[in-house]
Every structure is written in C-alpha cells, then in structure tokens.
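J.: Next up is a structure, given as structure tokens.
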Amino acid sequence: MKIRIKKGHLKILSIFVVILLLMGAFSYPKKLIKNPTPISASEIKELSTNYYRYSDKSLEMSKSHGKTILFFAATTWCNTCSNLDKEIKEKSMHLPKNITILKTDYDNNKALNKKYFVTIQHTLVMLDKNGEEIKRWIGGDFEELIKNI
C-alpha cells in the first residue's frame, strides 16, 4: 500500500516537523540543568520582608540566595505562635538581610517536623545555607528571636 501526500500537505507537514524538532532542541538542554528556570516571586507566598510561607520553592529561593534559614513551626491555635507571627510581619524590616524566615504549619507538615525533629509548635530551627542546623529554640517574642539570630 502506497501513501500519497499532496504537495501542499507535504510542505505543511515538513514545517510542522521542523517546529517540533526545534521545540525539542531548545527544551532538552533545560532538563539537564538542575534549576533551569528562576523562581517567580508570584509562586512564593511572602508574608512580609524576608518572611515567607514555607514551600519547596521558598526554601530553594532562600538557599539559592545563600541565606540563613529560620524555620518557624507555628499553628493557628497557638497564641504565642500568632503573637510572634504578627510581630514578625510588623517588624521584619529589622531582620538581618541574610536571614529568611520560613513559616511552616506544625499541624500539617509532619515530614518537615520529622526531618528537623520538631516536636512542639513555636519551635524555631536555624539552618545555614547548606541546610545544616545551627541552633534551635522554643518560644519567645520578636526580641528573643533577634537575640538568637
């Protein structure tokens, strides 16, 4: 069985194949790069200056900027967590520029709690840019947070 393609259709098909090949050629090398695209600010929930809701993307952004990371394991039902959250939002411009605070949901982020041995809400864990723990503490207000960092 022989397939016949009209001359006009062959030209359109050829153009389509070339476009597909070019798209594949330009997208393939990006797959080889560990972090091929910059993280868009719209993909990260900023609560205030240097204070973000934890996500894999906010963690990667902090690491890529070489910042010290402070995990804040908070809950909605914890009054001291809510007070510190409010203070951080109001006073985050006073944080050192090399610090990023990532607020985590203590009740729902069990994997992160397990990874960093967080056993109670209002735990703060400070990590260096390589993800190694520097120090940790439980509780406190914004002034204590500043003293600890």
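Read-outs throughout are calculated quantities, based only on the coordinates presented, and are distinct from any laboratory measurement. No experiment lies behind these values; they were computed from the predicted model shown. Every residue, glycine among them, receives a Cβ derived from its backbone with ideal geometry; neighbour counts consider all protein chains shown.
J.: When the Karplus curve 6.51 cos²θ - 1.76 cosθ + 1.60 is applied with θ = phi - 60°, which whole-Hz ³J(HN,Hα) does each residue of the range 97-108 get, with x for Gly and Pro?
T.: 5, 8, 10, 10, 9, 10, 7, 10, 8, 4, 5, 10
J.: Might you report the magnitude of the Cβ-based charge dipole of the range 93-149 about its Cα centre, with Lys and Arg at +1 and Asp and Glu at -1, to the nearest 20 debye? Before the final figure, lay out the partial values.
T.: On the way: 9 positive and 8 negative charges, 40 e Å.
Result for the range 93-149 is approximately 200 debye, rounded to the nearest 20.
J.: Could you compute the net charge surrounding residue 119? Neighbours are other residues with a C-beta less than 14 Å from the C-beta of residue 119; K and R count +1, D and E count -1. Could you put the intermediate results ahead of the total?
T.: On the way: positive: 110, 114, 115, 136; negative: 107.
After counting each charged neighbour, the total is +3.
J.: For the range 60-65, what does the Karplus curve 6.51 cos²θ - 1.76 cosθ + 1.60, with θ = phi - 60°, yield as ³J(HN,Hα) per residue in whole Hz, taken in order and with x for Gly and Pro?
T.: Residue by residue, the range 60-65 yields 5, 4, 5, 5, 5, 8 Hz.
J.: Would you kindly work out the equivalent ellipsoid of the range 54-103 from its C-alpha gyration tensor and give its semi-axes, the square roots of five times the eigenvalues, largest first in whole Å? Each step should come with its number before you reach the end.
T.: On the way: eigenvalues 88, 39, 9 Å².
Output for the range 54-103: semi-axes of 21, 14, 7 Å.
J.: Further question: Provide the FRET efficiency to the nearest 0.05 for the residue 65-residue 138 pair, computing r from the beta carbons and using R0 = 30 Å. If you can, show how the numbers build up before the last one.
T.: On the way: r = 27 Å, r/R0 = 0.90.
So the FRET efficiency works out to roughly 0.65.
J.: Tally the DSSP beta bridges in the range 41-148 and give the antiparallel ones as a percent, rounded to 5. Display every interim value, and only then the final one.
T.: Details: 12 of 22 bridges.
Counting DSSP beta bridges with both partners in the range 41-148, the antiparallel share is about 55 percent.
J.: Let me ask you something else. Pulled fully out, how much extra length does the chain show between residue 11 and residue 97, if you take 0.36 nm times their separation in residues and subtract their Cα-Cα distance?
T.: Details: separation 86, 0.36 × 86 = 30.96 nm, distance 5.79 nm.
Separation in residues times 0.36 nm, less the Cα-Cα distance, equals 25.2 nm.
J.: Also, quick follow-up: What Kirkwood radius, in Å to one decimal, follows from the Cα pairs of the range 41-148?
T.: On the way: mean 1/r = 0.0733 Å⁻¹.
Hydrodynamic radius (Kirkwood, Cα pairs) of the range 41-148 is 13.7 Å.
J.: Quick query: amide H of residue 122 versus all other amide H atoms, modeled in the peptide plane; which residues come in under 5 Å with a sequence gap of 5 or more or a different chain?
T.: Close amide H contacts, sequence-distant or interchain: 73, 74, 75.
J.: Amide H to amide H, which residues 5 or more places from residue 103 or on other chains are under 5 Å from it, using H placed in the peptide plane?
T.: 52, 53, 54, 72
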